[in-house]
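Since the structure comes first, as structure tokens, the remarks are kept for the end.
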């Protein structure tokens, strides 16, 4: 193959990598081997060969198409996203705000004198009021909490799988083992061997509101869940504002905080407002239909303020509840003593919610962890 | 049959009764030539499984299908020992001793799809359907099999297909993200819904003798449905079933009444049926009937 073409393709791979796609040397080798097999003057065929060897997720197709247009067709195109979305700009609190907050801490300081340790204070502090340092401390506390939890029976709701494992009091015969043991006794099974079904963690689907004031709570909750389930395996995470986006793969391995902030920029319009109903519909249409929700525990984090018609929220919650094993709604506003679920969206959703929790500080997240380890269907709180 | 180019693949698939778009023909061609498994994703009903069957017809090869489900294990995917035969064999030997090698020999082996595909002396097409339904542990196991095309049975040894690798097609509905390692092994193709022209062509192929006008109108109607926000947009499979029903009823073209009566074979969800009725339905029928 012409060396120029090889260089061209390798550079194209780098462009894709910089845009955030995973393009390893193996994929590049496949692309080149593929191009060797076809007539490279046919642009359409070149497109398919590159796409099929370099892309492995539907989510990346749009990005690939834009890169292909820009690189091979020299067409003007919008800048390749994803990477620049990850450049994080952190908003610093204004000085005045900070002072006000310190005054508040002063008040709580009195409580500390009455026997509250600094950690204990932090555990009761509303997530939205944490500053940078405190957030870091809280993250550490979360990790500690997760470590303290009993690991042997990992504290997550489990369900019976169809998989079998050797067990001395199981219910199904372990025929392979039995047969071997029977050899010695001429075909009589003197010793018996059994297998039993294993229990596996239930899938956990998190759908969190990252618009405006909700972002701080969603961030804390996602960090918490990831600390709790360690690897993040079996947790599917979605973020929404005016639109919905899937975060599962972004949260794996990378800095979850950055991933959430990037998501917020993608799904929140500056015009403000949250479209809970439309976002839930998008979720049900795309992911519920593919049975992602079936048998899962679904956790929704939102204050329930719907910008548009609340009846859509009710309808989509009904669809969601039909498929899920249980639905938990976390609303930080519930942490305030005189909160009433009056917001239209929240009222419409409540009939389909099994557990309604606060989740505005560490203590309430501990409660959530407790609930997650033992929730059963249909008992609205 | 040897396939030398994308054009040849396209032609062969057509002759085998499957109308691919250029992308799918390219994907199948590459997968054969590079000897790499092909991962197919796409909405329900776009013909993922059909593509594997068509490939088998093209190659004149046997199709071996492994349908995945939660809890699928080695005993059901690869092999199992025939315990009742083993037991009878021990009994029949009476006082004579039975050695372990004898008992765990090839004649007592029940071959499941993966072993069958690896062991087959002829080339086969191995379809691993809905891989996303299997457990992650199974996926890891599968990764091993797909890397070196060999299976080890402790009692017998290693069985390898290195010199006649099966053509492997995997399908997924994306209910969960597959491991990157598995994806790296595979070429990837996303099958979208077909264009109007191609859908008409598919309907005419699959419903022999269908009136030209009916095929066109039905395809156009379904294409319009896909643009609505439905819980489950209909796939090509639905278009075919529906047109088949309409043709069986002796229809020459669509009208509001017959569409209303038969829409249940296109839309499978109650809320979708509720969303498409009255004016919406009339409008769609009118648009479908309007000449190009």
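The values are calculated or read from the model by the stated rules, or taken from the named source; none is laboratory data. This structure is a prediction, so every number in the text was calculated from the model and none was measured. Because the Cβ atoms are built from the backbone with ideal geometry, glycine has one as well, and the counts that use them run over all protein chains shown.
Against the conditions (1) more than 11 Å from chain A (Cβ to nearest Cβ); (2) out of contact with any helix residue (DSSP H, G or I) (no Cβ under 6 Å at 6 or more places or on another chain); (3) surrounded by fewer than 24 Cβ atoms within 10 Å (Cβ to Cβ); (4) part of a helix (DSSP H, G or I), residue B:52 satisfies every one except (3). Among the residues making up the range B:8-18, a single one is surrounded by fewer than 16 Cβ atoms within 10 Å (Cβ to Cβ) and closer than 19 Å to residue A:36 by Cα: B:8. Just one of (1) within 28 Å of residue B:149 (Cα to Cα); (2) at the interface with chain A (Cβ under 9 Å from one of its Cβ atoms); (3) without any contact (Cβ under 8 Å) to a residue 40 or more places away in the chain; (4) in contact with a helix residue (DSSP H, G or I) (Cβ under 7 Å, 6 or more places away or on another chain) fails for residue B:38. It is (3).
Could we say that residue B:216 is out of contact with any strand residue (DSSP E or B) (no Cβ under 8 Å at 6 or more places or on another chain) and exposed (fewer than 14 other Cβ atoms within 10 Å of the Cβ) here? When the stated conditions are applied, residue B:216 does not pass them. Which one is surrounded by the most Cβ atoms within 10 Å (Cβ to Cβ), of the residues in the range A:29-38 that are facing chain B (nearest Cβ under 8 Å) and assigned to a helix (DSSP H, G or I)? Among those residues, the one meeting the criterion is A:34.
In the range A:320-340, of all residues being at pLDDT below 85 and surrounded by fewer than 17 Cβ atoms within 10 Å (Cβ to Cβ), the one that is farthest from residue A:129 (Cα to Cα) corresponds to A:340. Here the range B:108-131 is the region considered, the condition is being without any contact (Cβ under 8 Å) to a residue 60 or more places away in the chain and within 14 Å of another protein chain (Cβ to nearest Cβ), and the residue that is surrounded by the fewest Cβ atoms within 10 Å (Cβ to Cβ) is B:110. Evaluation of residue A:15 against the conditions (1) within 29 Å of residue B:175 (Cβ to Cβ); (2) part of a helix (DSSP H, G or I) shows that the sole unmet condition is (1). Every test in (1) under 19 Å from the mean Cα position of the chain (by Cα); (2) surrounded by fewer than 16 Cβ atoms within 10 Å (Cβ to Cβ); (3) more than 30 Å from residue B:235 (Cα to Cα); (4) modelled with pLDDT of 75 or more is passed by residue A:198 save one, and that test is (1). Can we say residue B:30 is within 11 Å of chain A (Cβ to nearest Cβ), over 13 Å from the mean Cα position of the chain (by Cα) and surrounded by 20 or more Cβ atoms within 10 Å (Cβ to Cβ)? So residue B:30 passes the test. Among the residues of the range B:256-275, the ones that are touching a helix residue (DSSP H, G or I) at 6+ places or on another chain (Cβ under 7 Å) and in a loop (DSSP other than H, G, I, E, B) come to 2 in all.
I'd like to check which helices (runs of 4 or more DSSP H) are fully inside the range B:86-184 and have at least 3 residues that are in contact with a helix residue (DSSP H, G or I) (Cβ under 7 Å, 6 or more places away or on another chain).
Passing ranges, in order: B:136-148.
Is one or more of the residues making up the range A:203-212 over 28 Å from residue B:73 (Cβ atoms), surrounded by fewer than 18 Cβ atoms within 10 Å (Cβ to Cβ) and touching a residue at least 12 places away in the same chain (Cβ under 8 Å)? Checking the range A:203-212: at least one residue is over 28 Å from residue B:73 (Cβ atoms), surrounded by fewer than 18 Cβ atoms within 10 Å (Cβ to Cβ) and touching a residue at least 12 places away in the same chain (Cβ under 8 Å). All conditions but one from (1) at the interface with chain A (Cβ under 9 Å from one of its Cβ atoms); (2) outside any helix (DSSP H, G or I); (3) without any contact (Cβ under 8 Å) to a residue 24 or more places away in the chain apply to residue B:72; the one that does not is (3). Per the conditions (1) more than 8 Å from chain B (Cβ to nearest Cβ); (2) surrounded by fewer than 21 Cβ atoms within 10 Å (Cβ to Cβ); (3) not in a loop (DSSP other than H, G, I, E, B), the sole criterion not satisfied by residue A:41 is (3).
When the range B:185-209 is filtered for residues that are within 13 Å of chain A (Cβ to nearest Cβ) and loosely packed, with under 15 Cβ neighbours inside 10 Å, only B:192 remains.
If you scan the range B:82-107, which residues turn out to be in contact with a strand residue (DSSP E or B) (Cβ under 8 Å, 6 or more places away or on another chain) and crowded, with 18+ Cβ neighbours inside 10 Å? Result: B:104, single match.
In this structure, does residue B:239 turn out to be over 28 Å from residue A:288 (Cβ atoms), without any contact (Cβ under 8 Å) to a residue 60 or more places away in the chain and buried (at least 20 other Cβ atoms within 10 Å of the Cβ)?
Answer is no for this residue.
Per the conditions (1) surrounded by fewer than 21 Cβ atoms within 10 Å (Cβ to Cβ); (2) at the interface with chain A (Cβ under 9 Å from one of its Cβ atoms); (3) in a loop (DSSP other than H, G, I, E, B); (4) modelled with pLDDT of 85 or more, the sole criterion not satisfied by residue B:3 is (2).
Residue check: residue A:285 meets all listed conditions (1) surrounded by 21 or more Cβ atoms within 10 Å (Cβ to Cβ); (2) at pLDDT 85 or above; (3) closer than 19 Å to residue A:244 by Cβ but one, namely (1).
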